[in-house]
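Below: the structure, in structure tokens.
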Amino acid sequence: MGIPTCHLFPNGYPQSNGFAERMVQTVKKTLLKAKQSNSDPDLRRVAQSGSPRSLPSPAELLYSRNLQSNLPHLAKPTPYNRKARRNLQVRQQTQKKYHDRSARDLPPLHTDQKVQMQENNGAWIPATVVNKRPEPRSYTIRTPNGSIYRRNRRQLRDLPTMILAQKTT
């Protein structure tokens, strides 16, 4: 008997941290473009942080002003205002409306229920539900070798009772 392992690191579910994932994608594209054009990646990052977006960056919120860049701008960026916030809310409501048309919740799982868990490589392995976590649609799972994982409900399949009955006989 050893010490049980607990794997609570990011579990291959990028939607759980969409804002950070989008920022990583933006930085990677910026670095790739800098490499392709043989330009300084630091200058690209400075330009990226100073470029106008629909919402202010965390640095702009901290300093309450637009950050300077060494690149010329054609037009001065408009300050963050109520109209921009309202436009963002309208876009989010529209996106939610279209998403909710076909979105359905998966049935909840119960403690000690037999399930299949999706590993990070995409393979499905048998497991047992230990408990429901406080995060939405999140469960603590134990595999037959004793390892403990945290998984989103989309990464868990309920085993039909017919299959369970065949395995016990």
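Based on this model, can you work out whether Pro144 counts as at pLDDT 90 or above and part of a loop (DSSP other than H, G, I, E, B)?
For Pro144, the condition - at pLDDT 90 or above and part of a loop (DSSP other than H, G, I, E, B) - is met.
Determine, yes or no, whether Pro107 is under 12 Å from Arg157 (Cα atoms), at pLDDT below 95 and of a type outside the set (D, E, K, R).
Considered against the rule, which asks whether it is under 12 Å from Arg157 (Cα atoms), at pLDDT below 95 and of a type outside the set (D, E, K, R), Pro107 comes out as yes.
If you go through the stretch 112-131 one residue at a time, do you hit one that is surrounded by 11 or more Cβ atoms within 10 Å (Cβ to Cβ), modelled with pLDDT of 90 or more and either part of a helix (DSSP H, G or I) or basic (Lys, Arg) (or both)?
Yes; the residues of the stretch 112-131 include at least one that is surrounded by 11 or more Cβ atoms within 10 Å (Cβ to Cβ), modelled with pLDDT of 90 or more and either part of a helix (DSSP H, G or I) or basic (Lys, Arg) (or both).
In the stretch 9-36, what count of residues is obtained for those that are within 17 Å of the chain's Cα centre (by Cα), assigned to a helix (DSSP H, G or I) and either at pLDDT 70 or above or exposed (fewer than 11 other Cβ atoms within 10 Å of the Cβ) (or both)?
12
Quick one: would you say Thr78 is at pLDDT 65 or above and of a type in the set (Val, Ile, Thr)?
no
The values are calculated or read from the model by the stated rules, or taken from the named source; none is laboratory data. The structure displayed is predicted, hence computed values, not measured ones. All Cβ positions, glycine included, derive from the backbone under ideal geometry; neighbour counts span all protein chains shown.
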